[in-house]
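The values are calculated or read from the model by the stated rules, or taken from the named source; none is laboratory data. Because the structure is predicted, anything quoted here is derived from the model rather than measured. Heads up, the Cβs are rebuilt from the backbone with ideal geometry, glycines too, and the neighbour counts pull from every protein chain shown. Quick note on the areas: whole protein, heavy atoms, side chains included, nothing else; ligands and nucleic acids left out. Shrake-Rupley method; radii C 1.70, N 1.55, O 1.52, S 1.80 Å.
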Amino acid sequence: MPRKSKAVVCRELNKPVVVEEISVEPPRRGEVTVKIAACGVCHSDLSATNGTIPLPPPLILGHEAAGEVVEVGEGVTAYAKGDHVVSSFIYMCGECRFCSMGRPVLCTEQGKALTTLPDGTLRTKDAAGNPLGIFSGCGVMAEYATIHVDNLVKIDPKVPLDRAALVGCAVTTGVGAVFNTAKVVPGSSVAVFGCGGVGLNVIQGARIAGAGRIVAIDTMDAKLEMARKFGATDVLKAGEDPVKALKKLTGGGPDYAFECVGSGELAATAYKAIRRGGLAVVVGVAKPGDSTAVRTMTLPFEEKTLTGSYFGSCVPRIDFPRMLALYMGGQLKLDELITQRYSIDEAPQAFADLEAGKNARGVIVF
Ligand SMILES: NC(=O)c1ccc[n+]([C@@H]2O[C@H](COP(=O)([O-])OP(=O)(O)OC[C@H]3O[C@@H](n4cnc5c(N)ncnc54)[C@H](O)[C@@H]3O)[C@@H](O)[C@H]2O)c1
Ligand SMILES: [Zn+2]
Ligand SMILES: [Zn+2]
């Protein structure tokens, strides 16, 4: 029997999200239905509502959730009713060159299921019976979601589900960018542009990795205060050219800089700021038409690197438990990341607060 479920839907670009009653079909082969307990509101969800991430509406939002399995489809052996799970928004075909080498975030097939389940179909319909797309194979900003087992990771039931949800995007993206993409070494210096849900996790990842100096840059004072709590040793208010200040603070420029806003201009600033041999990592997702520029001669003469990081270059089934182990061990701050909890009916407010920069992370709890 299909389940009735409230869901947060983008109906029309550049309009507030709406909360609708939808129906969610039971799982088919290789799928699982999850009763969602909590779902974080990520800037990428907001970006899907304004065309920065171009996905066609109508679309059920949400890709950072945790919940409990309530029904398993045919052939599912790794999950059972009652298991606690976190959603994972990457498509893994399991067979391409990148899946084979253990880099599923680069799966060549990922374009196939941007708004559907991996097989191209949907289990979600609106009240009129029309199909509703799902953000990145997830669409988990809803009371129930039927998704493929490849978009789930089983977790330790001791972790509270609202905290666990954050591992589905912000934490793994930020900490993973430090651990997996940049491989930050102890004693190094790090600059972080943008201290939202993702940037704060880059900051705490750098702290855990043993970075000596962590400089946070944001336009908002409140974010800089949060950045200090997560491990920033220095803060800079964005505005005037930060390159000079960063070079001075770090004695020649940081070893690593992370762009966590989504702007080609900031990516160029991050690249400019790093020292010789340094690494600039773009984590933010800019508009499709945006571009960036580097002074070409700095590439050979200064051996600088500009790269990107998608979902913290993670392998979900390896990295999610790793992040949660850091939380359970007291090293990773998750309690402090949630600055506001919302009911699903308050979802439009949660998006407005994200846009206004009010939260470290806002989380919808069910
Ligand atoms: N690469 C990935 O896999 C991945 C995953 C998740 C999110 N993202 C992207 O990361 C970015 C950040 O996401 P989030 O959820 O942390 O967003 P957020 O809105 O919570 O945080 C963005 C922060 O950037 C700050 N900011 C804005 N303009 C700035 C500027 N010019 N200089 C310095 N700071 C500035 C804001 O004040 C805010 O604190 C978004 O572009 C999002 O789409 C990427
Ligand atoms: Zn996200
Ligand atoms: Zn693949």
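Remarks
- Residue tally, condition of a type in the set (Lys, Arg) and either under 20 Å from the mean Cα position of the chain (by Cα) or within 16 Å of ligand 2 (Cβ to nearest atom) (or both), over the stretch 12-47: 0
- Matching option when the condition is open to solvent by 10 Å² or more (accessible area, probe 1.4 Å), in contact with a Gly (Cβ under 9 Å, 6 or more places away or on another chain) and more than 14 Å from ligand 3 (Cβ to nearest atom), among Gly82, Gly129, Gly75: Gly75
- The residues of the stretch 195-210 that are aliphatic (A, V, I, L, M) and crowded, with 24+ Cβ neighbours inside 10 Å, listed by number, are Val198, Leu200, Val202, Ile203, Ala206.
- Scanning the stretch 211-254 for residues that are away from ligand 1 (no atom under 13 Å from the Cβ), open to solvent by less than 40 Å² (accessible area, probe 1.4 Å) and not in a helix (DSSP H, G or I) yields Ala211, Ile214, Gly231, Asp234, Gly252, Gly253, Pro254.
- Flag if Ile22 is closer than 21 Å to Met323 by Cα, away from ligand 1 (no atom under 15 Å from the Cβ) and part of a strand (DSSP E or B): no
- Helices (runs of 4 or more DSSP H) within the stretch 77-189 that include 1 or more residues touching a Phe, Trp or Tyr at 6+ places or on another chain (Cβ under 6 Å): 170-176
- When the test is whether a residue is modelled with pLDDT of 95 or more and surrounded by 22 or more Cβ atoms within 10 Å (Cβ to Cβ), Thr116 does not pass it.
- Lone unmet requirement of (1) within 16 Å of ligand 2 (Cβ to nearest atom); (2) aliphatic (A, V, I, L, M); (3) part of a strand (DSSP E or B) for Ala286: (3)
- Cβ-Cβ under 7 Å pairs, at least 6 apart or on other chains, the stretch 294-314 side assigned to a helix (DSSP H, G or I), far side exposed (fewer than 13 other Cβ atoms within 10 Å of the Cβ) and not aliphatic (A, V, I, L, M): Glu302/Arg276
- Residues located in the stretch 61-113, provided they are touching a residue at least 12 places away in the same chain (Cβ under 8 Å), of a type in the set (S, T, N, Q) and over 21 Å from Lys4 (Cα atoms): Ser88, Thr108, Gln110
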